[in-house]
Amino acid sequence: PRYSPHNLMVMPARLLELAQAKREVSKAVTGFEFSKDFHPAAVKTKSVAVQYPAAKTEFTWSAGSGWQVAFDGEVAIDTLTNTPHTPSTVIVQITKTISSGFKDSFGKDVPDQLLVGSGKAIMLRNGKSLEVNWQRLKDSDFPTYTYEGQQVNLKAGQIWFVYASEDEISLTLAKLSE
């Protein structure tokens, strides 16, 4: 089992299978585009860290593997394979945070991220990063990611999304020299 706050991991292919067994699945569910190469404007990047008020998530490039994930300084290990989680694409999407109207067991507000709208994001692929724009006009749409008006595709494989509010987090991007 994965313990909170890192218990929101799913197997997308299995979710699609389950959904398709119940009814036809909208094309919006499978709406991402993929490509082998990243955008030429992307820069070599060593790591990206997102510092939330009570937790830190970091992605460090590991050549040949992908982006190694660490939570609060500890490498995230897949309990089934006993290997580090290494997604091929990571998207750190800057969103607006609002109160969900719920309280946690300590009486604190439980935040909710607004995922409809538009804003900035950092996309990590192939040992590089690129600041992109994201847009999602309604809940049933898939988000799009663009750079200078052109769509930026994801890399096939495991994709991780990190949602962060610009005013609540500290984002550190460590670039490598060319």
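Set side by side, the residues GLY157, GLY117 differ, and just one is on the phi > 0 side of the Ramachandran plot, of a type in the set (Gly, Ala, Ser) and modelled with pLDDT of 90 or more, which is GLY117.
Every condition in (1) of a type outside the set (A, V, I, L, M); (2) farther than 12 Å from LEU124 by Cα; (3) not in a loop (DSSP other than H, G, I, E, B) holds for LYS36 except the one numbered (3).
Residues of the stretch 78-102 that are open to solvent by 40 Å² or more (accessible area, probe 1.4 Å) and out of contact with any strand residue (DSSP E or B) (no Cβ under 6 Å at 6 or more places or on another chain): THR79, LEU80, THR81, ASN82, THR83, GLY101. For the stretch 103-122, the set of residues classified as out of contact with any strand residue (DSSP E or B) (no Cβ under 8 Å at 6 or more places or on another chain) and among the hydroxyl-bearing types (Ser, Thr, Tyr) consists of SER105 only. Taken together, GLU166, GLU148 contain a single residue that is surrounded by 12 or more Cβ atoms within 10 Å (Cβ to Cβ) and of a type in the set (Asp, Glu), which is GLU166. If you go through the stretch 134-145 and pick out every residue that is in contact (Cβ under 8 Å) with a residue 40 or more places away in the chain and surrounded by 11 or more Cβ atoms within 10 Å (Cβ to Cβ), you end up with 5. So which pairs qualify, if the first residue must be in the stretch 21-38 and among the charged types (D, E, K, R), the second must be open to solvent by 60 Å² or more (accessible area, probe 1.4 Å) and modelled with pLDDT of 60 or more, the Cβ gap must be under 7 Å, and the two must be at least 6 apart or on different chains? Close Cβ pairs (under 7 Å, with a partner that is open to solvent by 60 Å² or more (accessible area, probe 1.4 Å) and modelled with pLDDT of 60 or more) amount to GLU33/GLN151.
When you scan the stretch 122-133, do you find a residue that is of a type in the set (Asp, Glu), at pLDDT 90 or above and open to solvent by 30 Å² or more (accessible area, probe 1.4 Å), even just one? The answer is yes, given that some residue of the stretch 122-133 is of a type in the set (Asp, Glu), at pLDDT 90 or above and open to solvent by 30 Å² or more (accessible area, probe 1.4 Å). Would you pick out the residues in the stretch 45-77 that are touching a residue at least 24 places away in the same chain (Cβ under 8 Å), open to solvent by less than 50 Å² (accessible area, probe 1.4 Å) and part of a strand (DSSP E or B)? Those that are touching a residue at least 24 places away in the same chain (Cβ under 8 Å), open to solvent by less than 50 Å² (accessible area, probe 1.4 Å) and part of a strand (DSSP E or B): THR45, SER47, VAL48, ALA49, VAL50, THR57, PHE59, SER62, GLY66, TRP67, VAL69, PHE71.
ALA156 fulfils the conditions (1) among the small types (Gly, Ala, Ser); (2) within 18 Å of VAL43 (Cα to Cα); (3) touching a Ser or Thr at 6+ places or on another chain (Cβ under 8 Å) except for a single criterion, (2).
The values are calculated or read from the model by the stated rules, or taken from the named source; none is laboratory data. Not measured: the values here are computed from a predicted model. Heads up, the Cβs are rebuilt from the backbone with ideal geometry, glycines too, and the neighbour counts pull from every protein chain shown. What goes into the accessible areas is simple: the full protein's heavy atoms, side chains included, and nothing from ligands, DNA or RNA. Shrake-Rupley method; radii C 1.70, N 1.55, O 1.52, S 1.80 Å.
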